[in-house]
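A.B. asks: Below are the structure tokens for one structure; questions will follow.
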Amino acid sequence: MLDIPTLETSRLRLRPYRLEDFEAYAAIWADPAVVRFIGGVPFTREASWPRFLRQSGLWHFLGFGSFMIEHKATGAVAGECGFHDMRRAIEPSIEGTMEAGWVLATPMQGQGLAEEAMRAALDWADINRRDKRQTAIIDPGHAASLRVAEKLGFREFGRSTYHDGPIVMLERTR
């Protein structure tokens, strides 16, 4: 089994998911403010469970995945960030890329934590997975995430539709 790294920033610890993280994880995905630009429908606790389980599986099969974001000062689960390849039915296809994503609990938003966490994840990817193109998809109405993506070096390469909603398609060159 692949060792999932733990990354540290000044305020955050990016680490593997733990079973005891599930209730906090489910609460994040049940928050309408969190999912407003990510499908728009809060997840039930039951629907959050397979999402939670897949995070460790991605590392096993792809050699990359997402991290649980832990706020160092409080020990609280702040959100998640990292990479996946969801085999999305999108044109143009981004299958086979490291699709970046980040989600923060509502109380953790607006503090620069998404950028801080993703910088650490991207630094790891730049060293350990140089072979993979880095992409992201973001709802065009999600100005905060688009700003974070721009600060991280992502640039728009197209627009498309996913699950009947518009998306901005981005990529990051190194």
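A.B. asks: Taking K132 as meeting all but one of (1) farther than 30 Å from E20 by Cα; (2) at pLDDT 95 or above; (3) buried (at least 16 other Cβ atoms within 10 Å of the Cβ), write down the number of the exception.
C.D. replies: So the condition that K132 fails would be (2).
A.B. asks: Filter region 89-105 down to residues that are among the small types (G, A, S), touching a strand residue (DSSP E or B) at 6+ places or on another chain (Cβ under 9 Å) and open to solvent by 50 Å² or more (accessible area, probe 1.4 Å), then give me how many there are. Show your work before the answer.
C.D. replies: As a first pass, look at region 89-105 and keep what is among the small types (G, A, S): 89, 93, 96, 100-101, 105.
Adding the requirement that they be touching a strand residue (DSSP E or B) at 6+ places or on another chain (Cβ under 9 Å) leaves 89, 100-101, 105.
With the extra rule that they be open to solvent by 50 Å² or more (accessible area, probe 1.4 Å), the set shrinks to 89.
Here the count works out to 1.
A.B. asks: So which residues in region 74-112 are of a type outside the set (S, T, Y) and in contact with a Lys or Arg (Cβ under 7 Å, 6 or more places away or on another chain)? Quick ask: steps written out before the conclusion?
C.D. replies: Restricting attention to region 74-112, the residues satisfying the condition of being of a type outside the set (S, T, Y) are 75-92, 94-96, 98-105, 107-112.
Selection gives I94, E95, M98.
A.B. asks: A follow-up question, please. Which condition number does E70 fail, the rest of (1) open to solvent by less than 10 Å² (accessible area, probe 1.4 Å); (2) touching a strand residue (DSSP E or B) at 6+ places or on another chain (Cβ under 7 Å) being met?
C.D. replies: (1)
A.B. asks: Let me ask you something else. How about region 106-119: which of its residues are under 19 Å from T9 (Cβ atoms), in contact (Cβ under 8 Å) with a residue 12 or more places away in the chain, open to solvent by 20 Å² or more (accessible area, probe 1.4 Å) and in a helix (DSSP H, G or I)?
C.D. replies: M108, E115, E116, R119
A.B. asks: Return the total of residues in region 1-35 being at pLDDT below 95 and touching a His at 6+ places or on another chain (Cβ under 8 Å).
C.D. replies: 2
A.B. asks: Return yes or no: is A105 modelled with pLDDT under 95, out of contact with any Pro (no Cβ under 9 Å at 6 or more places or on another chain) and among the aliphatic types (A, V, I, L, M)? Walk me through how you get there before you give the answer.
C.D. replies: Numbers: modelled with pLDDT under 95: no; out of contact with any Pro (no Cβ under 9 Å at 6 or more places or on another chain): yes; among the aliphatic types (A, V, I, L, M): yes.
No.
A.B. asks: Next up: Do you know which residues across region 141-172 are assigned to a strand (DSSP E or B) and open to solvent by less than 50 Å² (accessible area, probe 1.4 Å)? I'd like the intermediate steps shown before the answer.
C.D. replies: To start, the set of residues in region 141-172 that are assigned to a strand (DSSP E or B) comprises 154-162, 165-172.
Residues satisfying the conditions are F154, G158, S160, G165, I167, V168, M169, L170, R172.
The values are calculated or read from the model by the stated rules, or taken from the named source; none is laboratory data. Small disclaimer: the values here were computed from a predicted structure and weren't measured. Quick reminder, even Gly has a Cβ in these numbers, built from the backbone with ideal geometry, and neighbours come from all protein chains shown. Each accessible area value is taken on the protein alone, full model and side chains, heavy atoms only, with ligands, DNA and RNA left out. Shrake-Rupley method; radii C 1.70, N 1.55, O 1.52, S 1.80 Å.
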